[in-house]
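Working notes, beginning with the structure itself.
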Amino acid sequence: MSEQQDFRRELIAIIPNLRAFAASLSGSFDRADDLVQETLVKAWDKQHTFQPGTNLKAWLFTILRNEFYTQMRKKGREVQDVDGIHAMQLAGHPEQQGHLDLQDFRKALDMLPDDQREALILIGASGFSYEEAAEICKCAVGTIKSRVSRARTRIAEILGIEGDGEYGPDSISSQIIGVAPAA
């Protein structure tokens with residue numbers, strides 16, 4: 001198989017990870033798809049600059065992250081809600097506690113500074129090591145650790161979580177799945 005075919009195969013395999021990261025950054029699957037598409041176009045165009053044997057996933061996440069911030073600078077802080085989806089999400093009344101918890105977590109995540117949210121997503125959701133996240137964010141490993149720690153602390157404050165016993169399933173969910181409830 002040629003290098004270009006290998007590159008293409010690896011690129012395709014990473015698309016779901018890119019889409020998840022883009023959605024967590026942008027808060028919209030439509031914007032996420034646009035970010036991923038732009039990332040793939042740029043990566044394909046610049047594949048000659050990629051060093052085989054290095055971390056392709058980290059390289060692509062860096063391209064995606066840079067593209068996201070470029071778009072953010074262009075658009076400023078305005079909220080476009082042409083179809084009313086954003087307004088519906090704000091006014092939504094979840095029917096299940098799990099949905100409410102996820103919605104509360106998403107709101108708390110959105111309240112974090114961009115650098116803390118990004119570090120938390122890279123480490124907690126995307127599975128990168130602190131070293132890989134530092135490479136993607138172009139900062140020191142200690143800075144990433146600090147951002148993740150501050151993000152976790154701030155989310156706990158926003159959600160009103162005071163101790164480790166508040167994590168995990170509630171008593172009803174615990175009975176259903178057969179585990180002891182959070183203390």
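Please treat every number below as a calculation from the coordinates, not as lab data. On a predicted model such as this, the values are computed, not experimentally measured, just so you know. Methodologically, a virtual Cβ is constructed for each residue, glycine included, from the backbone with ideal geometry; neighbour enumeration extends over all protein chains shown.
A few remarks follow.
- Per-peptide average of other Cβ atoms within 10 Å, ordering 62-75, 16-29 highest first: 16-29, 62-75
- Across the cross-link table entries K42/K107; K74/K138; K46/K145; K46/K107, which are compared at the Cα atoms, the separations over 28 Å belong to K42/K107; K46/K145; K46/K107.
- Length gained on full extension, D104 to K138: 9.2 nm, using 0.36 nm per residue less the C-alpha separation.
- Working from label points 7 Å from Cα in the Cα-to-Cβ sense, the S28 to I15 distance is 2.2 nm.
- Note on Q71/Q47: beta-carbon distance plugged into 1/(1 + (r/R0)^6) with R0 of 25 Å gives a FRET efficiency of 0.65.
- Taking the average, over residues, of other Cβ atoms within 10 Å as the packing measure, peptides 31-38, 51-58 rank 31-38, 51-58 from highest down.
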